[in-house]
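The values are calculated or read from the model by the stated rules, or taken from the named source; none is laboratory data. Remember, predicted model here, so these are calculated numbers, not experimental data. Heads up, the Cβs are rebuilt from the backbone with ideal geometry, glycines too, and the neighbour counts pull from every protein chain shown.
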Amino acid sequence: MTTTELKWPAHIVIVRHGESERNVAKAVAAAAGAAEFGTGIRDNDVPLTKRGQEQARATGVHLGKAFKFDRVFASPYLRAWETARLMRKQFPYVVDITWEERVREIEFGILDGLTKHGLATRYPDEKARRDKLGKYWYRAPGGENYPDIALRLHSFLGTLSRDYRRKSVLVVCHSVVVMIFRRLLERLTEEELMAIDRDPQQEVVNCGVMHYAAESGGTRGGRLALKEFNGVYYDR
């Protein structure tokens, strides 16, 4: 197979948004044993912290040197959109950002803004159902589960293979979305994905860089090979 027959973008770089105000609030609430976290605004409208802005700028400097992106796709959630715009400002070239709802955050439904303690105390029946079904399959009332996200990401990957073949794209999204990209692109099973999820060394960090590069071979238009996961290019 020749390179011209590849069906995939030459490079897909996937980055989690920078540290957000809700990331900080969740950590504080969990440490205090509180039931809730957040600022009282929609999850869609949570901004970056100053540290998150710095993470985005530093990551943008690295990406601008390492890649020449043909398109940037970003979740419409403010923290991801801000991250994408701050990174793009560091690029030594011009590239458009596309608002892409298919890479938005998982929808938590009635559990939005609750810690694990909050889930156990306010919705014990839901906790029992989650424990029975497992993290991958459980869907909170009004929310999504991992297969729901996989369906929308499968559609998005179809767009990339159709419209961005042999090009380089950047996707700015959220931690669960990063993990489901891994499930689809690496053809992981539930067990394999959850093993990664349980490993603290593989927790998706803010502005962590994941890079897939297209390689020729096989009979299905080549493959995307994982070249980097959780790359950090800012001072911790």
Only one of GLU54, GLU101 that is surrounded by 15 or more Cβ atoms within 10 Å (Cβ to Cβ), within 21 Å of the chain's Cα centre (by Cα) and closer than 28 Å to LEU170 by Cβ: GLU54
Total residues in region 100-124, condition part of a helix (DSSP H, G or I) and β-branched (Val, Ile, Thr): 3
Single match in LYS127, LYS135 (criterion: basic (Lys, Arg), modelled with pLDDT of 95 or more, at negative phi and not in a helix (DSSP H, G or I)): LYS135
Every residue from region 204-231 that is on the phi < 0 side of the Ramachandran plot, in a loop (DSSP other than H, G, I, E, B), at pLDDT 95 or above and touching a helix residue (DSSP H, G or I) at 6+ places or on another chain (Cβ under 8 Å): VAL204, ASN206, GLY208
Condition check for LEU133: under 15 Å from the mean Cα position of the chain (by Cα), surrounded by fewer than 17 Cβ atoms within 10 Å (Cβ to Cβ) and not β-branched (Val, Ile, Thr): no
Within region 1-46, tally of residues that are surrounded by fewer than 17 Cβ atoms within 10 Å (Cβ to Cβ) and either in contact with a strand residue (DSSP E or B) (Cβ under 7 Å, 6 or more places away or on another chain) or among the aromatic types (Phe, Trp, Tyr) (or both): 2
Test for GLY38: is it touching a helix residue (DSSP H, G or I) at 6+ places or on another chain (Cβ under 7 Å) and modelled with pLDDT under 95: yes
Selected residue [buried (at least 16 other Cβ atoms within 10 Å of the Cβ), touching a residue at least 24 places away in the same chain (Cβ under 8 Å), closer than 22 Å to ARG104 by Cα and more than 18 Å from the chain's Cα centre (by Cα)] from ARG223, ARG183, ARG139, ARG152: ARG139
Sole residue being touching a helix residue (DSSP H, G or I) at 6+ places or on another chain (Cβ under 8 Å) and either among the polar types (S, T, N, Q) or farther than 23 Å from MET179 by Cα (or both), chosen from PHE91, PHE73: PHE91
Residue count, region 37-49 (criterion: more than 20 Å from the chain's Cα centre (by Cα) and part of a helix (DSSP H, G or I)): 0
Some residue of region 81-94 being in a loop (DSSP other than H, G, I, E, B), of a type in the set (D, E, K, R) and within 16 Å of the chain's Cα centre (by Cα): no
